[in-house]
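Comments concern the structure below.
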Amino acid sequence: MSSHREAPSISKDPVADNTDTYAFVTPDATVTIITNYVPAEVPAGGPNFYEFGDDVLYEIHIDNDGDGRPDVTYQFRFATTIRNTDTFLYNTGPITSLDSPTWNRRQTYSVTRVDETQRERARTTLLASGVPCPPCNIGPRSTPDYPALAAAAVTSLTGGGWVFAGQRADPFFVDLGSIFDLGTLRPFESLHLIPMANASGVDTLKTSNVHTIALRVPIAALTRGGTVPTDPLGAGSVLGIWGSASRQKATVRTHPESTHSAGPWVQVSRLGNPLFNEVIVPMADKDRWNALPPSADAEFAKYVAQPELAKLLPVLYPGVFPHLAGLTADRADLLAILLTGIPPGIIPGFQNFTGSTQADMLRLNVAIPPAAAPNRLGLVGGDPAGFPNGRRLTDDVVTIELRAVAGVTYPLIDHGFVPDAAAGAIEDGTFGHPGRTLLNHFPYVGTPYSGYDVPAA
Amino acid sequence: MEPVSRRSFLSKGSLGAVGAIGALSAGPVALAAMASGVEEPLSDEEVSALTGPLFLHVRDAASGEIEVLVDESSVVFKDPALVARMLRASK
């Protein structure tokens, strides 16, 4: 998955598991950033329904000077309260508002902005506190008007913008069942080393929920110098963006119901580009990668330059990728896409280059306006407003990265290289699942699936 | 400082053990006093300043390097004598 359970340690700590990060330009000169946590939530997972961790520091980071370090960070801290200590139930009646007395276990959170500059110590500003999360989507009796509950949880921020934190339908789509069965792509599995009849892709996450932190803030609040760039080729038009989760260095359990934590925050999960830690970094290094900042990613560049997946494809699909099999040079195309951004002069009118520092971040050129008709393949499909220029909820990042690794982007570096015909055709076949709906307004991520309705009878 | 037996160390728990060295964050003077083995009793103000847990992490027993974890920060110092007392108390 993009980064659901992608590393050994974090797979045992779902509350802190950063599954996906999205960033895209939105109307009125704003940027929306979405970070998701708590992978593969089963909608009916009560009576202790999913929630954020009170002992986890959730963060969204923005690098606006290309050094792979945060210049602006938004921090989110959660607090849980139980209203009725005499019941095992999450709710004792319909939850009709965010202050319904029948809603037993609820969370609120604070939002703090941290500005880092080289000339002064970090400056922290509390933007909001006591902000309510909506409940989980239980079912038609408990949460009869879930969209209204979620809408009520959208909160304006001091200084401009909005924030939302709570359960949503996981927007990520992928056929995990086939991909992790020896790299199978169901639409092409007749060509696999162990062939079976071709089939349609199965979206493993089509009825899973996640916990979303969504932020919509003015572009000027994120860029260097507080500008609103209008020239896509301008150096100050690109933001590096990633999410993370951290835990305090020490925790002691004094009683079964009581834990105490102290010490500095230690990062346990992060996510910039989708699938980076999942399919680029070897298993033995995944935990270490999760603990490091993007500015340290040069040590992982070797895995991007010679990706394991590019070597596996010709083996798993014999005779299908002969040109890829012969491509032994370092993958300068992938190094640019994932670690530095694409420099000016490669794609006419486009760049998302942040400099020579190799860092895994989403790179969003904020001078490129939203597309009127988004292409699911983003930049590869001729749509510069999509991945790898930031990432939209509808971008088919599995297909985009599969095709890039298979060689479709290598001609950007070597005009003489001819990709295999299959490189431009492969996909896992999960795009456009009919049950996957998104909102056309903030926080954009769709209404979570209810426990009553999923799985269906 | 009163001797720390295994029983008293364990019964005081983390907060008690920490209370004895909570003054370390006060700065070099306190650190010097600790290194010399002479420790002034904590003032009421110092005791009340400790509002949350405080943990000790012996990072290197050989050199006596200890990390104090409190609030959202850590302080690292060396006190071979204290490390020796803690290790022996744990036996």
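Worth a mention:
- Checked against (1) in contact with a helix residue (DSSP H, G or I) (Cβ under 8 Å, 6 or more places away or on another chain); (2) more than 14 Å from chain B (Cβ to nearest Cβ); (3) modelled with pLDDT of 95 or more, A:VAL279 passes all but condition (3).
- First in the stretch A:407-426 and on the phi > 0 side of the Ramachandran plot, second anywhere and acidic (Asp, Glu) and surrounded by 21 or more Cβ atoms within 10 Å (Cβ to Cβ), Cβ under 8 Å, 6 or more apart: A:GLY407/A:ASP420
Residues checked against (1) in a strand (DSSP E or B); (2) touching a residue at least 24 places away in the same chain (Cβ under 8 Å):
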residue	(1), (2)
A:LYS302	no, no
A:VAL320	no, yes
A:ASP330	no, yes
A:ASP333	no, yes
A:PRO343	no, no
A:ASN352	no, yes
A:ALA359	no, yes
A:LEU364	yes, yes
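- Yes/no for A:THR117 being part of a strand (DSSP E or B) and over 20 Å from A:THR447 (Cβ atoms): no
- Given (1) within 14 Å of chain A (Cβ to nearest Cβ); (2) modelled with pLDDT of 50 or more; (3) loosely packed, with under 12 Cβ neighbours inside 10 Å, number of the condition B:LEU50 does not satisfy: (3)
- Here the condition is being within 19 Å of the chain's Cα centre (by Cα) and within 14 Å of chain B (Cβ to nearest Cβ); of A:SER246, A:SER269, A:SER261, it holds for A:SER246 alone.
- Within the stretch B:58-85, restricting attention to residues that are in a loop (DSSP other than H, G, I, E, B) and at negative phi, the residue that is nearest to the other protein chains (Cβ to nearest Cβ) is B:GLU72.
- Selection status of A:GLY319, more than 14 Å from chain B (Cβ to nearest Cβ) and on the phi > 0 side of the Ramachandran plot: yes
- In the stretch A:181-210, the residues that are part of a strand (DSSP E or B) reach residues that are crowded, with 18+ Cβ neighbours inside 10 Å and among the aromatic types (Phe, Trp, Tyr) with C-beta atoms within less than 9 angstrom, at least six apart or across chains, in these pairs: A:ASN209/A:TYR50; A:ASN209/A:TYR449; A:VAL210/A:TYR37; A:VAL210/A:TYR50; A:VAL210/A:PHE172.
- Considered as a group, the residues in the stretch A:8-36 that are of a type outside the set (Gly, Ala, Ser) and in contact with a helix residue (DSSP H, G or I) (Cβ under 7 Å, 6 or more places away or on another chain) include one that is modelled with the lowest pLDDT, and that residue is A:PRO8.
- The one condition from (1) more than 14 Å from chain B (Cβ to nearest Cβ); (2) free of Cβ contacts under 8 Å to residues at least 40 places away in the same chain; (3) assigned to a strand (DSSP E or B) that A:ASP285 does not meet is (3).
- Within the stretch A:289-312, the residues that satisfy the criterion of being touching a helix residue (DSSP H, G or I) at 6+ places or on another chain (Cβ under 7 Å) and under 11 Å from A:GLN358 (Cβ atoms) are A:ASP297, A:PHE300, A:ALA301, A:VAL304, A:ALA305.
- When each of A:ALA221, A:ALA245 is tested for being in contact with a Ser or Thr (Cβ under 8 Å, 6 or more places away or on another chain) and modelled with pLDDT of 95 or more, the lone residue that passes is A:ALA245.
- Index of the failed condition, A:GLY183 passing every other in (1) on the phi > 0 side of the Ramachandran plot; (2) modelled with pLDDT under 95; (3) within 14 Å of chain B (Cβ to nearest Cβ): (3)
The values are calculated or read from the model by the stated rules, or taken from the named source; none is laboratory data. A quick note: this is a predicted structure, and the numbers were derived from the prediction, not measured. We place every Cβ from the backbone using ideal geometry, glycine too, and count neighbours over all the protein chains shown.
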